[in-house]
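Asker: I'd like to ask some things about the structure below.
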Amino acid sequence: MTGGDEYTMQFNRSWKDLGSPRKLRLNAWALLPHGRLKLNLVVSVSRNDSTLYWNSISLPGVIKHYNQWVPVHKLLVLPAGLVPTDKVTMYLWKSGGMVDAIYLDDLRLDKLS
Amino acid sequence: MALTSVSSSGPVPEYPLGIGSPMPVQREPLRWTDYALTILLHAGLLTALYSACYCFGLLDYLPEQARLLNWDGNNFYSIAVNDYPTDSKLGTNAFFPLFPYWWRLTGLDAVGISILNAIWAWVGAGVLALTFGLTRRQLLLLLALPSLLFTMVPYGEGLFFFFGALLLRGLHRQQVALVLLGLAGCCLARSAGTTFLPAYLFAELLTWDRRKSFGRQLGELLAGILAVVAAVVLVMWLQYRRHGDALAFYNVHSLWGHKFHLPETLLNDSAGINVLWLDLAALVVVVVALVACLALGVRWLLGLGKAHTDAPRLSKAVLFSLGYAVGAGYFIVFYQNPDIVGLSRYIFASPFFFVILAWAWQYQQTQPRLWLGVLTACVLVATLVGWPWYFDNFMPLEATWYFVLFTLYCLAFLFIGKADFRWYRELSVGLYGINLLALVYMLNLFLEGVWIN
């Protein structure tokens, strides 16, 4: 992700492709240049145009070591009543702060249950 | 001296906490010069630690003009230089006028006004120490609270602290003029009116004395309310003459999303893990204050129909401080949720926590298991942010370790006030050191421009 981008490209999978999970663990490695930014790693679930679930982890909130790769993880509990075609989306959202490159690697959603 | 009501016409209270004091009682009451020297010692230690850490490369920034104007500092500077904006939608309208107008009057730069702000707060702390008979050790501990960094930058907190201290002294000594001055000063320095009014009513009602003149007490009560209302109306007028919207400061909060809604998710902190612990510690204070207010309120209600007894009542200053803490917590939890950033600024960068802690130190002489209540509050707030399973970026064991440290930190404040705790001297020195380090670290974050509220 570079300077002017507000969003990264999105990673989309159907809920069924992820194994119809109820609990997920979001895992990633991130490299931030500093903490002067507002940056969230977002996971959402949508059906047609409506968002059924939205959750995020603030990367500057949990990463306090800069210019080095740091692991990030978060436990997510999806709502009941999802259907196989519901779309699970993952992306980075930068809502403010300094213009700098941000790196993200090994982005994974692991099914826990 | 017990934290019970003191009349200005009665005998001057003894300054040490008195019989049942958590600390060894001083042979003689401390004088204002003792407190002044203690504050100077703290200022010297703070300056020495910051400059040493900067010299060793542990801190990166010095408090320079441009860096001190970070975050709200820039808004205050804008009001000081240009007055309120002509656009009622701008965020600058959320800031209250006493500090920026005072800044304009002094003609100082950001560094100068920051030093002056710190002096206001330190003088306020001295007033509190003198009023409530704190020991030097207790005063040092309170001066090093990390959130007091907001009284050392170009924010309204320095003046708020000073006027808050006058208010508390007035409430404790029942000096109406000081109460009115404190109420008006605080409500001109910060958007505190909506928190102050319920707290003031709570304090006045629970100390209502049926032996005294009804008219006089009602007059004092109404005068206090009038002081708050007059301050808020003055702010409204100052903004109205600029852009025609008297409610601009309120509307800006709405634009920021500060509207009432019940928490639906776990609480979090937009400032991140290195500020979360302070905001959670403030939430612990809020929980304890809420329980105390409920207990005192119920006791007052049950006693309404009974004959008056001469039992000593709690000081108005304590009641007001408890009410203020509950009000501040209510605003953050219900108007800003799930983000609790800023709660530590409301609680610890105010004189009201000083009084709550002084009360707690004394209260645990009769209720030695107060620490169990604080422990319970710590577990509760940990749960509210997702411990043990849903605490962001922490595995359950890591989260547990985090909250064990957090709980020990909170409990340490109580245990330095326990007369039967042998290590209270060592503990208070350690706590002072930890807080001082956290204070310079937070100040460095602020100067770097990192969001800490």
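The values are calculated or read from the model by the stated rules, or taken from the named source; none is laboratory data. Bear in mind the structure is a predicted one, so any value in this text is a computation, not a measurement. Reconstructed Cβ throughout: ideal geometry from the backbone, glycine too, with neighbour counts over all protein chains shown.
Asker: Scan segment A:1-36 for residues that are within 21 Å of residue A:80 (Cα to Cα), of a type in the set (D, E, K, R) and within 14 Å of chain B (Cβ to nearest Cβ) and jot them down.
Answerer: Answer for segment A:1-36, where residues must be within 21 Å of residue A:80 (Cα to Cα), of a type in the set (D, E, K, R) and within 14 Å of chain B (Cβ to nearest Cβ): A:22, A:23, A:25.
Asker: Residue B:426 - would you say it is in a helix (DSSP H, G or I), within 12 Å of chain A (Cβ to nearest Cβ) and among the acidic types (Asp, Glu)?
Answerer: Considered against the rule, which asks whether it is in a helix (DSSP H, G or I), within 12 Å of chain A (Cβ to nearest Cβ) and among the acidic types (Asp, Glu), residue B:426 comes out as no.
Asker: Test residue B:158 against the stated conditions and say whether it is assigned to a helix (DSSP H, G or I) and under 23 Å from residue B:342 (Cα atoms).
Answerer: yes
Asker: Just name the residue that is farthest from the chain's Cα centre (by Cα) out of those in segment B:398-453 that are among the hydroxyl-bearing types (Ser, Thr, Tyr) and surrounded by fewer than 21 Cβ atoms within 10 Å (Cβ to Cβ).
Answerer: Per the stated criteria, the residue is B:400.
Asker: Being modelled with pLDDT of 85 or more, under 27 Å from residue A:62 (Cβ atoms) and of a type in the set (Val, Ile, Thr) is the filter here; which residues of segment B:241-278 pass it?
Answerer: B:273, B:275
Asker: Return the total of residues in segment B:249-285 being of a type in the set (Ser, Thr, Tyr) and in a helix (DSSP H, G or I).
Answerer: The total comes to 2.
Asker: Can you tell me which condition residue B:239 does not meet? The list is (1) among the polar types (S, T, N, Q); (2) out of contact with any helix residue (DSSP H, G or I) (no Cβ under 6 Å at 6 or more places or on another chain); (3) farther than 25 Å from residue B:348 by Cβ, and all the others hold.
Answerer: Looking at each condition in turn, residue B:239 falls short on (2).
Asker: Residue B:268 - would you say it is within 14 Å of chain A (Cβ to nearest Cβ) and either in contact with a Lys or Arg (Cβ under 7 Å, 6 or more places away or on another chain) or buried (at least 24 other Cβ atoms within 10 Å of the Cβ) (or both)?
Answerer: No: the conditions fail for residue B:268.
Asker: Here's something else I'd like to know. Checking the structure you have, find out if any residue of segment A:80-94 is in a strand (DSSP E or B), closer than 14 Å to residue A:22 by Cα, aliphatic (A, V, I, L, M) and within 14 Å of chain B (Cβ to nearest Cβ).
Answerer: No, segment A:80-94 contains no residue that is in a strand (DSSP E or B), closer than 14 Å to residue A:22 by Cα, aliphatic (A, V, I, L, M) and within 14 Å of chain B (Cβ to nearest Cβ).
Asker: Taking residue B:358 as meeting all but one of (1) among the small types (Gly, Ala, Ser); (2) within 14 Å of chain A (Cβ to nearest Cβ); (3) assigned to a helix (DSSP H, G or I), write down the number of the exception.
Answerer: That leaves (2) as the condition not met.
Asker: Looking for something closer than 30 Å to residue B:241 by Cα and more than 14 Å from the chain's Cα centre (by Cα) - is there at least one such residue anywhere in segment B:169-176?
Answerer: Within segment B:169-176, not a single residue is closer than 30 Å to residue B:241 by Cα and more than 14 Å from the chain's Cα centre (by Cα).
Asker: If I ask for residues that are in a helix (DSSP H, G or I) and more than 15 Å from the chain's Cα centre (by Cα), which ones from segment B:127-142 would you list?
Answerer: As a first pass, look at segment B:127-142 and keep what is in a helix (DSSP H, G or I): B:127-132, B:136-142.
Selection gives B:130, B:131, B:132, B:136, B:137, B:138, B:140.
Asker: Still on this structure, please answer the following. Residues B:196, B:202: which one is buried (at least 22 other Cβ atoms within 10 Å of the Cβ), under 20 Å from residue B:325 (Cα atoms) and in contact with a Gly (Cβ under 7 Å, 6 or more places away or on another chain)?
Answerer: B:202
Asker: Condition test on residue A:39, is it within 14 Å of another protein chain (Cβ to nearest Cβ), in contact with a strand residue (DSSP E or B) (Cβ under 8 Å, 6 or more places away or on another chain), at pLDDT below 90 and closer than 25 Å to residue B:398 by Cα?
Answerer: yes
Asker: Looking only at segment B:371-403, count every residue that is farther than 25 Å from residue B:359 by Cα, more than 14 Å from chain A (Cβ to nearest Cβ) and among the β-branched types (Val, Ile, Thr) and tell me the total.
Answerer: The total comes to 2.
Asker: So, one more: From the list A:105, A:100, which residue is more than 14 Å from every other protein chain (Cβ to nearest Cβ) and not small (Gly, Ala, Ser)?
Answerer: A:105 is the lone residue from the list that is more than 14 Å from every other protein chain (Cβ to nearest Cβ) and not small (Gly, Ala, Ser).
Asker: Right, residue A:38: within 21 Å of residue B:338 (Cβ to Cβ), in contact (Cβ under 8 Å) with a residue 40 or more places away in the chain, of a type outside the set (S, T, N, Q) and surrounded by fewer than 18 Cβ atoms within 10 Å (Cβ to Cβ) or not?
Answerer: On the way: within 21 Å of residue B:338 (Cβ to Cβ): yes; in contact (Cβ under 8 Å) with a residue 40 or more places away in the chain: yes; of a type outside the set (S, T, N, Q): yes; surrounded by fewer than 18 Cβ atoms within 10 Å (Cβ to Cβ): yes.
Yes.
Asker: Is it fair to say residue B:412 is in a helix (DSSP H, G or I), within 14 Å of chain A (Cβ to nearest Cβ), at pLDDT 90 or above and more than 30 Å from residue B:73 (Cβ to Cβ)?
Answerer: So residue B:412 does not fit the description; no.
Asker: Regarding residue A:12, is this residue closer than 27 Å to residue B:444 by Cβ, touching a Ser or Thr at 6+ places or on another chain (Cβ under 7 Å) and not in a loop (DSSP other than H, G, I, E, B)?
Answerer: Considered against the rule, which asks whether it is closer than 27 Å to residue B:444 by Cβ, touching a Ser or Thr at 6+ places or on another chain (Cβ under 7 Å) and not in a loop (DSSP other than H, G, I, E, B), residue A:12 comes out as no.
Asker: Looking at segment A:42-76, which of its residues are facing chain B (nearest Cβ under 10 Å), of a type outside the set (Gly, Ala, Ser) and surrounded by 14 or more Cβ atoms within 10 Å (Cβ to Cβ)?
Answerer: A:55, A:57, A:59, A:60, A:62, A:63, A:70, A:72, A:73, A:74, A:75, A:76
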